[in-house]
Amino acid sequence: MSITTTIKTAALGLVVSAVALTSCNKSPYPGYDANENGVYAKFYTHDDKGAKPKEGDLVRLVMSYKNSKDSVLFDSKDPKFTRSQNNYIEFPLNKSTFHGSFEDAITMMSVGDSASFMISADSVYLKTFKQEKLPPFVMAGSMLTFEAKLAKITSKEEVDAEKKKKTDERNAMLSERKSKEASEFAKYIADNKISTKATPTGLIYIEKTKGRGAKPNKGDNVKVKYTGRLLDGTVFDTSDKDVAQKANIFDEKRPYEPIDIAIGVGQVIPGWDEAIMLMNPGTKAQLIVPSAIGYGEQGGGPIPPYSTLVFDVELVSFTAGKPAVIPPGVPSGK
């Protein structure tokens, strides 16, 4: 599959300056000039006086590359490669991984420049991509052809400043969320007239329907129905199809049925591990789970950081799991 470059030259003067940029060294690739940094380059447009990116800068490129058989291996304008609607890729410019690398090629460009580069396939895959061997669609000793247009340079200083700004904003948000959780929790308890005392971990376990039989132990496999809500009543997850549809979170790609998990081994949040082991098959309960035994300061998806959660759960059944093998010398906790 061939790739067609549609970038037009801007003016004869730009082309002349592009030619002047490259070395006069002989190149084995017609139309490409061998540069002192080891890159074989063919510029379509070039601003010789423009600022060039340096190590640590964030670069935005519209680019593609193909193998020696003209098959496109990557194209930033094709969503099947990037899984994005953007037609570019953006990444920090790292230190050159070998003489004549794509990183070396980028340092030759100014914003608005467009060019083609011939680069060793072996070195790209084994040194830049750090793969153990070449993929079957790349011949040993062959060259990759990169087509690139440099759309934007964000300096390392700007990147660091933006990163610090976002970190400071997140820390402020986390501090605010943390301070509000206790008051939101207290208000929910008061508004719903909940008198059940919390366990030492902070879990409030309210049994709604009593089940029968033994309770699961650590490592047992349990089957559970559930619905999870934020304190304001927003449903963020459920195993019930009707509830999901009413809450506008229905996902046709997932099954709506009881989930199967191993309990007490960290597969779920600590609040669940604690609560499910208090239940018999058939038990229905409401769990009020503070963030300390929930999703903590990270949150997750629709769950904000430092969120107390409310779960309606039913233990459908359980089966005994395999007992854990404890290495000699390791305390068993018994």
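Inside the range 195-230, can you point out the residues that are among the aliphatic types (A, V, I, L, M), buried (at least 18 other Cβ atoms within 10 Å of the Cβ) and either part of a loop (DSSP other than H, G, I, E, B) or more than 35 Å from the chain's Cα centre (by Cα) (or both)?
Once the filter is applied, which keeps residues that are among the aliphatic types (A, V, I, L, M), buried (at least 18 other Cβ atoms within 10 Å of the Cβ) and either part of a loop (DSSP other than H, G, I, E, B) or more than 35 Å from the chain's Cα centre (by Cα) (or both), the range 195-230 yields only Leu203.
Suppose we keep only residues that are part of a strand (DSSP E or B) and modelled with pLDDT of 95 or more within the range 282-302. Which one would you say is surrounded by the fewest Cβ atoms within 10 Å (Cβ to Cβ)?
Once the filter is applied, the top-ranked residue is Lys284.
For Lys163, are the conditions met, namely being loosely packed, with under 15 Cβ neighbours inside 10 Å, outside any strand (DSSP E or B) and at pLDDT 95 or above?
no
Exactly one condition in (1) of a type in the set (A, V, I, L, M, F, W, C); (2) surrounded by fewer than 15 Cβ atoms within 10 Å (Cβ to Cβ); (3) closer than 21 Å to Gly112 by Cα is not met by Leu93; state its number.
If we test Leu93 against (1) of a type in the set (A, V, I, L, M, F, W, C); (2) surrounded by fewer than 15 Cβ atoms within 10 Å (Cβ to Cβ); (3) closer than 21 Å to Gly112 by Cα, just (2) comes out false.
Residues checked against (1) among the β-branched types (Val, Ile, Thr); (2) touching a Phe, Trp or Tyr at 6+ places or on another chain (Cβ under 7 Å):
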residue: Thr209; (1), (2): yes, no
residue: Lys215; (1), (2): no, no
residue: Asn221; (1), (2): no, yes
residue: Lys225; (1), (2): no, no
residue: Gln245; (1), (2): no, no
residue: Ile261; (1), (2): yes, no
residue: Asp273; (1), (2): no, no
residue: Met279; (1), (2): no, no
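For residues that are farther than 26 Å from Arg177 by Cβ, in contact (Cβ under 8 Å) with a residue 40 or more places away in the chain and surrounded by 14 or more Cβ atoms within 10 Å (Cβ to Cβ), tally how many sit in the range 231-281.
Residues flagged as farther than 26 Å from Arg177 by Cβ, in contact (Cβ under 8 Å) with a residue 40 or more places away in the chain and surrounded by 14 or more Cβ atoms within 10 Å (Cβ to Cβ) within the range 231-281 amount to 11.
Kindly indicate which of Gly202, Gly213 is closer than 17 Å to Tyr306 by Cα, in contact with a Pro (Cβ under 9 Å, 6 or more places away or on another chain) and either among the small types (Gly, Ala, Ser) or modelled with pLDDT under 95 (or both).
Testing whether each residue is closer than 17 Å to Tyr306 by Cα, in contact with a Pro (Cβ under 9 Å, 6 or more places away or on another chain) and either among the small types (Gly, Ala, Ser) or modelled with pLDDT under 95 (or both) leaves just Gly202.
Can you tell me which residues in the range 47-75 are closer than 15 Å to Leu144 by Cβ and either assigned to a loop (DSSP other than H, G, I, E, B) or in contact with a His (Cβ under 8 Å, 6 or more places away or on another chain) (or both)?
Scanning the range 47-75 gives Asn67, Ser68, Lys69, Asp70, Ser71.
Would you be able to say whether some residue in the range 123-139 is more than 25 Å from the chain's Cα centre (by Cα) and within 21 Å of Asn35 (Cβ to Cβ)?
The answer is yes; a qualifying residue exists.
The values are calculated or read from the model by the stated rules, or taken from the named source; none is laboratory data. None of the values given here were measured: they were computed from a predicted structure. Please note: Cβ atoms are built from the backbone with ideal geometry, for glycine as well, and neighbour counts cover all protein chains shown.
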